[in-house]
Amino acid sequence: MSAAELKLLEKLKRLPPEKLIEVEDFVDFPASRARREAAFERLLALAPALEAAGVKPMNDAEVAALVKEVRAERHARPTDGPPGASRP
């Protein structure tokens with residue numbers, strides 16, 4: 001392990017648990033963002049096939065309703081981690 005990694009590890013060991021959760025969320029953010037961006041790119045790649053199949057585009061209200069429904073389902077699911085742990 002490098003000196004920089006050891007120094008960071010020592011700093012992490014001195015943090016209280018609630019601050020460690022904040023650090024974990026901060027560290028997880030770039031990967032989460034990359035997953036969302038990749039999912040968006042996959043969705044855009046489907047657009048031509050959907051159009052060719054005659055699928056009608058959704059309007060803003062339909063998209064908002066679907067997002068609300070999916071979020072409600074996601075929040076209703078039990079988490080695998082401890083309270084306060086971030087969800088994927």
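Please treat every number below as a calculation from the coordinates, not as lab data. None of these values were measured; they are calculated from a predicted model. Ideal geometry is used to build each Cβ from the backbone, glycine not excepted, and the neighbour counts take in all protein chains shown.
Can you work out the base-10 log of I(q)/I(0) for the chain at q = 0.14, 0.24 1/Å, using the Debye formula on its C-alpha atoms alone?
Values, matching the q order: -0.78, -1.28.
When the scattering of segment 1-48 is computed by the Debye formula from its Cα atoms alone, each counted once and equally, what is log10 I(q)/I(0) at q = 0.19, 0.31 Å⁻¹?
The Debye formula, applied to the Cα set alone, gives -0.72, -1.02.
So what is the 222 nm mean residue ellipticity for the chain from helices alone, if each DSSP H run of at least 4 adds -39500 (n - 2.57) and you divide by all residues, rounding to the nearest 500 deg cm²/dmol? Present the calculation step by step, with values, prior to reporting the outcome.
Details: 3 runs with 64 residues, N = 88.
About -25500 deg cm²/dmol.
For the chain, build the charge dipole from Cβ charges (+1 Lys, Arg; -1 Asp, Glu) around the Cα centre, then report which of MET1, GLY54, ILE21 sits farthest towards its positive end.
Farthest towards the positive pole: MET1.
Might you report the magnitude of the Cβ-based charge dipole of the chain about its Cα centre, with Lys and Arg at +1 and Asp and Glu at -1, to the nearest 20 debye?
Details: 15 positive and 15 negative charges, 43 e Å.
Once rounded to the nearest 20, the dipole reads 200 debye.
What net charge is computed for the residues neighbouring LYS68, neighbours being all others with C-beta under 14 Å from the C-beta of LYS68, Lys and Arg scored +1, Asp and Glu -1? Please report the intermediate quantities before stating the final value.
Values: positive: ARG71, ARG74; negative: ASP60, GLU62, GLU69, GLU73.
Net charge around LYS68: -2.
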